[in-house]
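The values are calculated or read from the model by the stated rules, or taken from the named source; none is laboratory data. The structure presented is a predicted model; accordingly, all values stated were derived computationally and were not measured. Cβ sites come from the backbone with ideal geometry, for glycine too, and all protein chains shown count toward neighbours.
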Amino acid sequence: MTAISTILSIAILPLNLLLYTKYSYDDDVISKLNWPSLFTALIIVISAIAIGLYCSYKIRSFEFNKRANRLGNLAGLTLIIFSALVTNMGDADSKIWSRDWSFYVGVSLPCILGLLFANIIGTICNLKKPERVTVAVECCYQ
């Protein structure tokens, strides 16, 4: 599910950017975006997934999978911390906590609804609890 959504993100991410930037900001943010940089990042992510799948296919080792998973989790946590630090640099108006309450509701609502609907659908489909959690997390991330 993650690999497929990442591949689809080549088209969906730019569409989301167009949609959200048009209705979230008064300025013409789209013209200021660095599109080559965006697509380069997408290609890097897709390449990393492809290489990971290939390595997992070729190296059939539980220990390798466990270490690769830990490395991926560490990389993800580092990216979250880095993003939080970088986005809060600059003037007071650009800091994340300077937004109106509606911003936080708008950002968190898709995740909350994704978790809720995924759990409801997983329950209707008689999935076991761990399977429902997996589906809910995957839906929320997407």
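Tabulated values for the structure
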{"item": "Qualifying residue in the stretch 26-37 (condition: free of Cβ contacts under 8 Å to residues at least 40 places away in the same chain, more than 15 Å from the chain's Cα centre (by Cα), more than 30 Å from ASP100 (Cβ to Cβ) and part of a helix (DSSP H, G or I))", "result": "yes"}
{"item": "Selection count where residues are over 17 Å from the mean Cα position of the chain (by Cα) and polar (S, T, N, Q), scope the stretch 38-65", "result": "3"}
{"item": "Residue pairs meeting the criteria (Cβ under 8 Å; at least 6 apart or on separate chains; first within 23 Å of THR87 (Cα to Cα) and of a type in the set (S, T, N, Q), in the stretch 98-117; second modelled with pLDDT of 85 or more and surrounded by fewer than 11 Cβ atoms within 10 Å (Cβ to Cβ))", "result": "none"}
